[in-house]
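The values are calculated or read from the model by the stated rules, or taken from the named source; none is laboratory data. Just so it is clear, the structure is predicted and the values come from calculations on it, not from any experiment. Here the Cβ positions follow ideal geometry from the backbone for every residue, glycine too, while neighbour counts run over all protein chains shown. These accessible areas exclude ligands, DNA and RNA; they are computed on the full protein's heavy atoms, side chains included. Shrake-Rupley method; radii C 1.70, N 1.55, O 1.52, S 1.80 Å.
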Amino acid sequence: MSFDWISIAVLSAAILGLVSIFDSHLISRRMPSLRAFLLPVGLIVLVSGLVFFCLFPLPEEVGAWPLIVAFASAILRVASVTILLYTLKREEVSRAVPVVSTYPIFVAIMAIPLLGETLDYLHWIAIIVVVIGAVMVSVKRSPGSANWLGSTFFLLSGSSLLMAMADVASKYALAYISFWNMYWISALSMAAIFLLISLRPHVIRELGNIKQPGSTMALFAFNETLAMTGIILVFWAMKSGPVSLVSAITGSRPIFVVVYALILSRIWPMFLLEWKSSRGVLALRLIAAVTIASGIAIIYIA
């Protein structure tokens, strides 16, 4: 098993963890509504998608079915991301992202019959260990008890299932197209859906009234550049390695979110919506970090 795709997947998780932090900040602190957030994202992604569309045309021999699957994958991924963004308006990022990150289990279950992937017992252990570590971070501790997220847990679980379906479909399409093609298909699909949702006169007026528009738009541009890089790395790793294990590694994103959020809570406490870092929470998240790292180490060894 190649070392390269594992490293690429880990790097993508680290980058997309930072994207989740900036998404949470923009949605909860700077933007008046989710639609106001989706409009600039849609415009930026539209530009990047068109650039990559011109630079990386589809292979001449590609058939219609792989393209249908690729676009279906993109739509499923956008639906999953939209649900996550919706919850970030109300929930702490370090508790919302981990629930969605249970999707590697669904990927493994679907990839075996649909893609013919095979996993030995070490691979299954690694996937389960990473998912357990990710879910541990989503426990909400209150005085005297530990509770799961409220009603949004089920919404986020739906996002997790959609993400798993998107990954399996992407892996199938990547047998026929390059990861550059997969990126611009995803970007153009995301742009079309986001603009369809958000391009409204009242949303444009909301954007015109935001505070510090220059720094906010600069942060949008920087964040979407990071997102583009992270997504391309995911597709690159997915094309080279088994989607079951790539998804397990990229599912480690929550631990990067926790690390970034912890650092920000010390140097810029108001950057994120809600960040609790009591000793009990920190201990639980430290155990989760070790658990996730152990799962990734097993994938390296296997």
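Tell me which residues, restricted to the stretch 60-86, are crowded, with 17+ Cβ neighbours inside 10 Å and either modelled with pLDDT under 90 or over 17 Å from ALA191 (Cβ atoms) (or both).
PRO66, VAL69, VAL81, THR82, ILE83, LEU84, LEU85, TYR86
Do any helices (runs of 4 or more DSSP H) lying entirely in the stretch 177-243 carry at least 2 residues that are of a type in the set (Ser, Thr, Tyr) and in contact (Cβ under 8 Å) with a residue 40 or more places away in the chain, and which ones are they?
179-198, 213-240
Scanning the stretch 215-244 for residues that are open to solvent by 10 Å² or more (accessible area, probe 1.4 Å) and of a type in the set (Val, Ile, Thr), which turns out farthest from the chain's Cα centre (by Cα)?
Filtering first and then ranking leaves THR225.
May I ask you to say which residue of LEU188, LEU199 is out of contact with any strand residue (DSSP E or B) (no Cβ under 8 Å at 6 or more places or on another chain) and modelled with pLDDT under 95? Step through it out loud before you land on a result.
Details: LEU188 fails: modelled with pLDDT under 95.
One residue alone meets the criteria, LEU199.
Of the numbered conditions (1) at pLDDT 90 or above; (2) closer than 30 Å to ILE127 by Cβ; (3) of a type in the set (D, E, K, R), GLU206 fails exactly one; give the number of that condition.
The single condition GLU206 does not satisfy is (2).
When you check LEU122 against the structure, is it modelled with pLDDT of 95 or more, open to solvent by 40 Å² or more (accessible area, probe 1.4 Å) and part of a helix (DSSP H, G or I), yes or no? Break it down into steps so the answer makes sense when it comes.
On the way: modelled with pLDDT of 95 or more: no; open to solvent by 40 Å² or more (accessible area, probe 1.4 Å): yes; part of a helix (DSSP H, G or I): yes.
So LEU122 does not fit the description; no.
Pick from SER247, SER265: which is at pLDDT below 80, outside any loop (DSSP other than H, G, I, E, B) and surrounded by 15 or more Cβ atoms within 10 Å (Cβ to Cβ)? Step through it out loud before you land on a result.
Details: SER247 fails: at pLDDT below 80.
Just one listed residue meets the conditions, SER265.
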